[in-house]
Amino acid sequence: KAEHEPHRMALALRGRKKRKLLRKLACLCAGRLRRGRLRSSAAVIPQLELGQRLYYKMLLSFLGAEERRLKVKDFSTLLANDAFHTSLLACCLESVFASYSTPGMAFPAILGHLSLQPFDFGKVIESFIKHEPALPSHLKLHFADVESRIIEDLAWCDGSPLHALMAEYDAALNA
């Protein structure tokens, strides 16, 4: 029974969160096709479906690992975190798009389409790689490059959550 707990928690993602993620996927597909940057829906739809399947696989993997690590079964806080879900979905889609060399979807395009901050995305990359042991070496290298771009440049852009965290840290030091 305990081994099914992460699966039960992932299934609880139904409803509003699941609809929101599926809307993001649909908008991503429709928006790219409308602007003519992707060849055809026939090429993109299967890639989006692969990304979605990988998302659920990785969500179960994350929850199972956290359950073993923390000895906790309630992940309602994590499952309610929209930035986490969007970041995980972005990692999955980035994996698929990088594997297929999808035109118009080179990093950081996915971040813009999912309205995701690079800093938030960067927080999930290491866990994504860790929890997918079968990740091909070319994708590990790709994510290392992505992580470097985020750390060196993208995380420091205006509006990044990193600035708010730094301000909180400074305020705590000065208090």
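The values are calculated or read from the model by the stated rules, or taken from the named source; none is laboratory data. Small disclaimer: the values here were computed from a predicted structure and weren't measured. Neighbour counts are summed over all protein chains in view; Cβ atoms, including those assigned to glycine, are modelled from backbone coordinates with ideal geometry. Side chains included, ligands, DNA and RNA excluded: accessible areas come from the protein's heavy atoms. Shrake-Rupley method; radii C 1.70, N 1.55, O 1.52, S 1.80 Å.
Quick look at the values:
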{"item": "Qualifying positions in region 64-121 - of a type outside the set (A, V, I, L, M, F, W, C) and within 18 Å of Leu154 (Cβ to Cβ)", "result": "Thr86, Ser87, Glu94, Pro108, Gly112, His113, Ser115, Gln117, Pro118, Asp120"}
{"item": "Test result for Ile125, in a helix (DSSP H, G or I), in contact with a Gly (Cβ under 9 Å, 6 or more places away or on another chain) and more than 17 Å from Leu50 (Cα to Cα)", "result": "no"}
{"item": "Lone unmet requirement of (1) β-branched (Val, Ile, Thr); (2) farther than 24 Å from Pro46 by Cβ; (3) touching an Asp or Glu at 6+ places or on another chain (Cβ under 8 Å); (4) assigned to a helix (DSSP H, G or I) for Val72", "result": "(4)"}
{"item": "Hey, Asp170 of a type in the set (D, E, K, R), outside any helix (DSSP H, G or I) and either exposed (fewer than 13 other Cβ atoms within 10 Å of the Cβ) or at pLDDT 95 or above (or both) or not", "result": "no"}
{"item": "Members of region 79-112 found to be assigned to a helix (DSSP H, G or I) and open to solvent by 50 Å² or more (accessible area, probe 1.4 Å), listed by number", "result": "Ser99, Tyr100, Gly112"}
